[in-house]
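S.K.: Quick one: structure below, then a few questions.
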Amino acid sequence: MKTHKILLALAIILLIFYFALDRQLYYYGRNNLNIYHILPLGIKPVFRYEFDGGFAFEDRYGFRFIRKGEFRHENSNLNIHIAEILKYGYNDNKLVVFIQDINSQELYIECKKKYNNQTKAEIQCDAFHVINLPLYNELKWIEIKNNVKYIHSIGLIRNLSAFFTFVILIFFLREIITNPKSN
């Protein structure tokens, strides 16, 4: 009976650990559970492999509007060819994405809510070469390019915690089924 309680407690701890790590991976688009809505304007980060466009941002309708390649936004006059998304920052009402274009020029793309009656778009994007310091400091920043090892290690630990939770639960159920009188 004591073994059952220890196994169940260990499985619960590993499950909580899994949820915490999966939430961390949300910021990199590598989460398994689609239950997090942390970024503003209904935007979510999405991981794709390089042949499928790489890391991107989707709006609430699943449209990838900031991604590797040509960036044209309906509610703005921007036409940028994005080579890489380096990092992004967010707060309650805006998202700022720091990118490098195909000419190795670094730009900030600021996305905020602004409804356009003509196009029915809800998000307006503007590009800047320099971001002002107060805006930069008020955002929570997530590094994409320089955190590849961190992202892989967190993903591995999350997957291992899921595996061990599964193994413990299988062992727990086997013990209950084979020894019903010891419960």
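The values are calculated or read from the model by the stated rules, or taken from the named source; none is laboratory data. Just so we're clear, the structure is a prediction, and the values are computed from it rather than from any experiment. Don't worry about glycine lacking a Cβ; one is built from the backbone with ideal geometry, like all the others, and counts go over all protein chains shown. Ligands, DNA and RNA are stripped out before the accessible areas are found, and what is left, the full protein with its side chains, is counted by its heavy atoms. Shrake-Rupley method; radii C 1.70, N 1.55, O 1.52, S 1.80 Å.
S.K.: May I ask you to give the percent of accessible area on the chain that is carbon plus sulfur, with a probe radius of 1.4 Å?
M.R.: Using a 1.4 Å probe with all protein chains present, the chain comes out at 58 percent carbon and sulfur.
S.K.: Just want the answer: with Cβ charges of +1 for Lys and Arg and -1 for Asp and Glu, which residue in Pro40, Val96, Thr3 is farthest toward the dipole's positive end in segment 3-105?
M.R.: Going by the Cα projections, it comes out as Thr3.
S.K.: How large is the charge dipole for segment 101-183, taken about the Cα centre, if only the Cβ atoms of Lys, Arg (+1) and Asp, Glu (-1) carry charge, to the nearest 20 debye?
M.R.: Dipole magnitude for segment 101-183 comes out near 460 debye.
S.K.: Can you give the log10 of the normalised intensity I(q)/I(0) at q = 0.20, 0.23 Å⁻¹, computed with Debye over equal Cα scatterers of segment 133-183?
M.R.: Relative scattering, expressed as log10 I(q)/I(0), comes to -0.80, -0.87.
S.K.: Counting other Cβ atoms within 10 Å, keep those with at most 16, restrict to DSSP loop, and tell me which trypsin sites (Lys or Arg not before Pro) in segment 94-183 are left.
M.R.: In loop regions of segment 94-183 (DSSP not H, G, I, E or B), the sparsely surrounded trypsin sites (Lys or Arg not before Pro) are Lys114, Lys120.
S.K.: On to the next question. Measure of size requested: the Rg and Dmax of segment 90-183, with Cα atoms as the atom set and Å as the unit; please supply both.
M.R.: Rg then Dmax for segment 90-183, in Å: 23.9, 72.
S.K.: So if each residue of separation counts as 0.36 nm, and I subtract the Cα-Cα distance between Lys145 and Arg60, what length gain in nm does that give?
M.R.: The span from Lys145 to Arg60 would gain 28.2 nm if fully extended.
S.K.: Further question on the same structure: Spin-label point model (7 Å from Cα, Cβ direction): what's the Asn117 to His152 distance in nm?
M.R.: My value for the distance between the label points is 5.3 nm.
S.K.: Find the accessible area per residue for the chain; the probe is 1.4 Å, ligands and nucleic acids are left out, and the unit is Å².
M.R.: 62
S.K.: Give me the distance between the Cα centres of segment 1-43 and segment 124-142, rounded to whole Å.
M.R.: 30
S.K.: Rounded to the nearest 10 Å², what accessible area does Glu138 have for a 1.4 Å probe in the complete protein model?
M.R.: 100
S.K.: Provide the FRET efficiency to the nearest 0.05 for the Ser104-Leu160 pair, computing r from the beta carbons and using R0 = 45 Å.
M.R.: 0.70
S.K.: Using the Karplus curve 6.51 cos²θ - 1.76 cosθ + 1.60 with θ = phi - 60°, work out ³J(HN,Hα) for each residue of segment 53-64 in order, rounded to whole Hz, and write x for Gly and Pro.
M.R.: For segment 53-64, the Karplus-derived couplings read x, x, 4, 8, 10, 10, 7, 5, 9, x, 7, 7 Hz, x marking Gly and Pro.
S.K.: Pick out, from Asn31, Asn79, Ile12, the residue whose Cα sits farthest towards the positive end of the charge dipole of the chain, with +1 on the Cβ of Lys and Arg and -1 on the Cβ of Asp and Glu.
M.R.: Farthest towards the positive pole: Ile12.
S.K.: OK, next. Multiply the residue separation of His37 and Phe51 by 0.36 nm, subtract the distance between their alpha-carbon atoms, and state the gained length in nm to one decimal.
M.R.: Taking His37 through Phe51 to full extension adds about 2.4 nm, to one decimal.
S.K.: Let me ask something else about it. I need to check one value: relative contact order of the chain, counting alpha carbon pairs closer than 8 Å and at least 6 residues apart, in percent.
M.R.: Answer for the chain is 21 percent.
S.K.: What do you get for trypsin sites (Lys or Arg not before Pro) in segment 1-82 restricted to DSSP loop and a cutoff of at most 14 other Cβ within 10 Å of the site's Cβ?
M.R.: Here the trypsin sites (Lys or Arg not before Pro) that fit, given the DSSP loop and packing criteria, are Arg48, Arg60.
S.K.: Ok, one more. Step through the table entries Lys68/Lys113; Lys113/Lys145; Lys68/Lys149; Lys68/Lys114; Lys44/Lys113; Lys44/Lys94, compare each Cα-Cα distance with 19 Å, and write down the pairs that go over it.
M.R.: Lys68/Lys113; Lys113/Lys145; Lys68/Lys149; Lys68/Lys114
S.K.: Let me check the size of the chain from its C-alpha atoms; what are the radius of gyration and Dmax in Å?
M.R.: 21.5, 72
S.K.: Dipole magnitude of the chain about its Cα centre, charges +1 at Lys/Arg Cβ and -1 at Asp/Glu Cβ only, in debye to the nearest 20?
M.R.: 800
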